[in-house]
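Here's the structure we're looking at; comments come further down.
The values are calculated or read from the model by the stated rules, or taken from the named source; none is laboratory data. Bear in mind the structure is a predicted one, so any value in this text is a computation, not a measurement. Backbone-built Cβ (ideal geometry, glycine too); neighbour counts: all protein chains shown.
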Amino acid sequence: MGDLMFRLKDGVAVDCNIAPTQVPPVVDDITEVVSNAKFILIVEKETIFQRLQDEEFCSQFYPCMMITAKGYPDYATRQMLQLLLDSLQIPMYVLVDGDPYGIDIYLTYRFGSSNNDCDINVNNVNLNCIQWLGVLPSEISRLNFPKDQYLALTDREKSKLRCMSDRASEFADERFLVDQLQIMLELGLKVELEALCSLEASYLSQVYLRSKLAGLFESAPVSQSH
């Protein structure tokens, strides 16, 4: 969804400005990519993707595009992101739940599945440049969510965090990742992306994402009321 048009081998042109579009099952069938997007926002959840679409997020700041795999990404989604990266050379940011599974989804986008050695940065898919935009464990306590939005980590989730910490030596930003994992373990808490929406109607797009993007892009234009 967003500022993207691509053309397939059979000549069909797909305009993602009009409506969300499925990732082609064979990404190699794409012969041309046209976009003025300044970045790609990868969204974990379809519900959050839909909310941002309804709020016209892709036209609120710099032109951008959004993509979601509705959870863990499959290989075609990662291959599509690689094609966009190679073609456009623009930054990619991921927005996931502030919980162990959200962190794991972020890492899967970057490195492939830890359960499938054949999927890790092979066949020219290397997305190590993807940046973790949120929700960061270090933000959980300072965002002052309503009390009912804070959820206790289960023993299984704590174990998952420890396993990810043990694997962190594989990752380029090991210190940052380990610190964030440790913060979540010490807090013993997690939040879902929906917690951002509980603060106020447009908090996710107009406050949270806007402030983060303002720090990444020097002068994001002021959004207009609709």
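Side notes on the structure shown:
- Just one residue in the set Asp155, Asp166 is over 23 Å from Tyr75 (Cα atoms), out of contact with any Phe, Trp or Tyr (no Cβ under 6 Å at 6 or more places or on another chain), of a type in the set (Asp, Glu) and at pLDDT below 85; that residue is Asp166.
- Entry remark, the range 1-40: residues being surrounded by 15 or more Cβ atoms within 10 Å (Cβ to Cβ) and among the acidic types (Asp, Glu) number 1 in total.
- Here Ala69 meets the list (1) aliphatic (A, V, I, L, M); (2) over 20 Å from Leu193 (Cα atoms); (3) in contact with a Ser or Thr (Cβ under 9 Å, 6 or more places away or on another chain) almost entirely, failing just condition (2).
- Filtered by the rule that a residue be within 18 Å of the chain's Cα centre (by Cα), of a type in the set (Gly, Ala, Ser) and more than 16 Å from Tyr150 (Cα to Cα), the range 194-209 gives a lone residue, Ser205.
- Taken across the range 137-148, residues that are at positive phi and not in a helix (DSSP H, G or I) do occur, with at least one present.
- Residues in the range 82-100 that are assigned to a helix (DSSP H, G or I) and at pLDDT below 95: Gln82, Leu83, Leu84, Leu85, Asp86, Ser87, Leu88.
- Test: residue in the range 53-68 that is part of a loop (DSSP other than H, G, I, E, B), in contact with a strand residue (DSSP E or B) (Cβ under 9 Å, 6 or more places away or on another chain), surrounded by 21 or more Cβ atoms within 10 Å (Cβ to Cβ) and free of Cβ contacts under 8 Å to residues at least 40 places away in the same chain: yes
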